[in-house]
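Structure first, then comments.
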Amino acid sequence: MTNADVAPAKLSPFAHGVASFDPSAEGVLLWTRVAAEPGTTLGWHLSRNPDDPPEQHGTVAVGPDADGCVRVDLTGLDPATTYHYWFDLDGVLSPIGRTRTLPSGATELVRIAVVCCADRSMGALTTYRTIANDEVDLVLHLGDYSYEEPKGPYEIDPPGTCVTLDDYRRRQAHTRLDADLQALHLRHPMVFVWDDHDVADNAWRHGAKEHRDDEHGDWETRLANAARARNAWLPARLPEPDDLLAMWRSFAFGDLAELVVLDTRVAGRDQPFGDEGAKLLDSPDRSLLDPTQRQWAHERVADRSRPWCLVASAVPVADIELPLPKGEVLNKMLPSGYQVIDGKAVCTDLWTGYPAERDALTAKFAERGGGTVVLSGDVHSSWALPVPGPDGTSVAVEFVSPAVSSTSMGSQLPPGAEKVGEKIADAVPLQRWHDLEHHGYIHVEVRAEQVRADWIVVSREDAAAEPQLLSSWGVDRTWPPRLFEVEPGSTPRPGPEVEERPGLPLEALPPHQEPVLSPAGRRKRVVRLVGTSAALVMVGWVWQRRRLSA
């Protein structure tokens, strides 16, 4: 951690800002972290207008094992209402946050920002600031909020791989110092579900691909450490409050839609196919969900009391199998997580790696008979594609979010293989549109007659660059589901004009801060610059010799 990160933090006991999570029509979870000893009491305040006296207020104490984090579970609020909230510690006020309850009853429009995969060591989290500037009801974060092992050249704390409880706490704390992320949390409530890098790469219930007991200690202890840190920094209304390893839950948007959030990472996931000792790919008892979650998920999908069921899955449900001409691409050239099986590149970490589980879920999509939209991430690329049922017929559509900052799928390919990668992606069965290169998020709009997804591109390298609308796709209520391209507009905030909600002017948000190169990152950059300079000098020397000889 550098002085650039630490110095602003020392000015306030609320260095990590404030945030809100898991809203309902009647309540929301408020959060902050304070630099104070366990047992310290904070005041909290809630008002529709921050200039008015609080409508609700109270106190909350820092718990003995909460890493300085506190949460307030508010109830008795009005639906579809914007509120402002803040904390105080002995007269020192926190930043003022803005949140919003979910609608109840007749609902015409819901807007959701969908994000995933934010490795702070890879670059600036500028996507978050763009979402802060957007007007949405909710931010759906599909995991990899932080990475257990830094992949890039920028400073991260701790500098190594997270294993202990202190490691995971420090990683969360360093991630939350990011000003763009703080801006997002200041403006919108969030629903979060974890994915593998929130624990360890390719994690499952009883292990992870890169976890080794002799180096990282006991797996169950490491998993519990990640869950405890996550629960403190990213609070949620869990199905069983004492079970921190299960995050599945749902959110009702009036009479319009239900957001069904699946936990596909830990609660019930069997060992991925291809790992030593894993079950066969087509084993009928191979699971991605535990029995309790499976029954609950199938019941929620079957509920037709609302036009739309939005299924949130950290990993894609639809087929993103890459057909490979024989001998053209080898396993080592494939994007992360893919391996060649029967002439196709299959990412066994996705629902594709659990075919019986996927067939059971998509059969429920078929029984519902329309109105199912899957929102997913993880693969560092953007996709609009139908979801086939067990018989191959389309039963839903899926919108896959790009990464916030992690290496894009296209950039994971070897140099010079980008065109081959595009050709392979073009040949993915059923897919209607994809993008392998850009970072950003999806702006989803839900109306009774249509769900529309707009992929917003955000530059990771240039914080001043304007966000761009890359592509727009929609689905209506016809059966089988009809995925269609929407005529792109001229603004990255699509749909009818909506009055901006009160409070928190954008100029009040913390200013963007560029990430700081780590010592290793600085060395690599110097080597690259020296190499580039030497190459330019050589080119100039050759050109001069040729000119003189002529």
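The values are calculated or read from the model by the stated rules, or taken from the named source; none is laboratory data. Bear in mind the structure is a predicted one, so any value in this text is a computation, not a measurement. Heads up, the Cβs are rebuilt from the backbone with ideal geometry, glycines too, and the neighbour counts pull from every protein chain shown.
Looking at this structure, is Ile96 over 30 Å from Ser305 (Cβ atoms) and in the same structural domain as Val261 (by TED's automatic domain parsing)? So that I can check it myself, show each step before the final result.
Numbers: over 30 Å from Ser305 (Cβ atoms): yes; in the same structural domain as Val261 (by TED's automatic domain parsing): no.
When the stated conditions are applied, Ile96 does not pass them.
Restricting attention to the range 285-301, does a residue exist that is modelled with pLDDT of 95 or more, touching a helix residue (DSSP H, G or I) at 6+ places or on another chain (Cβ under 7 Å) and among the polar types (S, T, N, Q)? Scanning the range 285-301, I find at least one residue that is modelled with pLDDT of 95 or more, touching a helix residue (DSSP H, G or I) at 6+ places or on another chain (Cβ under 7 Å) and among the polar types (S, T, N, Q), so the answer is yes. Could you grab me the full set of residues in the range 260-276 that are in a loop (DSSP other than H, G, I, E, B) and of a type outside the set (Gly, Ala, Ser)? Answer for the range 260-276, where residues must be in a loop (DSSP other than H, G, I, E, B) and of a type outside the set (Gly, Ala, Ser): Leu262, Asp263, Thr264, Arg265, Val266, Arg269, Asp270, Gln271, Pro272, Phe273, Asp275, Glu276.
Taking the listed residues Asp90, Asp67, the one that is among the acidic types (Asp, Glu) and either under 28 Å from the mean Cα position of the chain (by Cα) or within 18 Å of Met190 (Cα to Cα) (or both) is Asp67, with no other qualifying.
Among the candidates Gly58, Gly39, Gly43, which residue alone is assigned to a loop (DSSP other than H, G, I, E, B) and touching a strand residue (DSSP E or B) at 6+ places or on another chain (Cβ under 8 Å)? Before you say what the answer is, go through the steps one by one.
Working: Gly58 fails: assigned to a loop (DSSP other than H, G, I, E, B); Gly43 fails: assigned to a loop (DSSP other than H, G, I, E, B).
Gly39 is the lone residue from the list that is assigned to a loop (DSSP other than H, G, I, E, B) and touching a strand residue (DSSP E or B) at 6+ places or on another chain (Cβ under 8 Å).
To keep it simple, each residue is scored yes or no on (1) closer than 23 Å to Gly521 by Cβ; (2) at pLDDT 95 or above; (3) assigned to a loop (DSSP other than H, G, I, E, B); (4) assigned by TED's automatic domain parsing to the domain that holds His16.
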{"residue": "Asp73", "(1), (2), (3), (4)": "no, yes, no, yes"}
{"residue": "Ala80", "(1), (2), (3), (4)": "no, yes, yes, yes"}
{"residue": "Tyr168", "(1), (2), (3), (4)": "yes, yes, no, no"}
{"residue": "His174", "(1), (2), (3), (4)": "yes, yes, no, no"}
{"residue": "Leu184", "(1), (2), (3), (4)": "no, yes, no, no"}
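Looking at this structure, is Arg286 basic (Lys, Arg), touching a strand residue (DSSP E or B) at 6+ places or on another chain (Cβ under 9 Å) and assigned by TED's automatic domain parsing to the domain that holds Val395? Judged against the criteria, Arg286 is not a match. The set of residues in the range 238-296 being touching a Gly at 6+ places or on another chain (Cβ under 7 Å) and among the aromatic types (Phe, Trp, Tyr) consists of Phe273 alone. The set of residues in the range 203-234 that are closer than 17 Å to Gln271 by Cβ, buried (at least 21 other Cβ atoms within 10 Å of the Cβ) and either touching a helix residue (DSSP H, G or I) at 6+ places or on another chain (Cβ under 6 Å) or in contact (Cβ under 8 Å) with a residue 40 or more places away in the chain (or both) comprises Ala203, Trp204, His211, Arg222, Leu223.
With respect to Ala124, determine if the residue is assigned by TED's automatic domain parsing to the domain that holds Val315, part of a loop (DSSP other than H, G, I, E, B) and under 17 Å from the mean Cα position of the chain (by Cα). Before the answer, list the steps.
Values: assigned by TED's automatic domain parsing to the domain that holds Val315: yes; part of a loop (DSSP other than H, G, I, E, B): yes; under 17 Å from the mean Cα position of the chain (by Cα): yes.
It is true that Ala124 is assigned by TED's automatic domain parsing to the domain that holds Val315, part of a loop (DSSP other than H, G, I, E, B) and under 17 Å from the mean Cα position of the chain (by Cα).
Of all residue pairs spaced 6 or more apart or on separate chains, those with beta-carbon atoms under 7 Å, a first member in the range 249-262 that is assigned by TED's automatic domain parsing to the domain that holds Trp194 and a second member that is part of a strand (DSSP E or B) and basic (Lys, Arg) are Val261/Arg249.
For the range 241-292, a residue qualifies if it is charged (D, E, K, R) and under 23 Å from the mean Cα position of the chain (by Cα), and the qualifying residues are Asp243, Arg249, Glu258, Asp263, Arg265, Arg269, Asp270, Asp290. The number of residues in the range 82-115 that are closer than 30 Å to Ala15 by Cβ and in a strand (DSSP E or B) comes to 18. The condition (being within 22 Å of Pro95 (Cα to Cα) and in a loop (DSSP other than H, G, I, E, B)) is satisfied by just one residue among Ala232, Ala200, Ala236: Ala236.
Starting from residues that are closer than 22 Å to Arg176 by Cβ and hydroxyl-bearing (Ser, Thr, Tyr), keep the ones in the range 93-103 and report whichever is farthest from the chain's Cα centre (by Cα). Once the filter is applied, the top-ranked residue is Ser94.
Let me confirm something: among Asp178, Asp198, Asp166, Asp157, which residue is crowded, with 23+ Cβ neighbours inside 10 Å and more than 29 Å from Leu288 (Cβ to Cβ)?
On the way: Asp198 fails: more than 29 Å from Leu288 (Cβ to Cβ); Asp166 fails: crowded, with 23+ Cβ neighbours inside 10 Å; Asp157 fails: crowded, with 23+ Cβ neighbours inside 10 Å.
Asp178 is the lone residue from the list that is crowded, with 23+ Cβ neighbours inside 10 Å and more than 29 Å from Leu288 (Cβ to Cβ).
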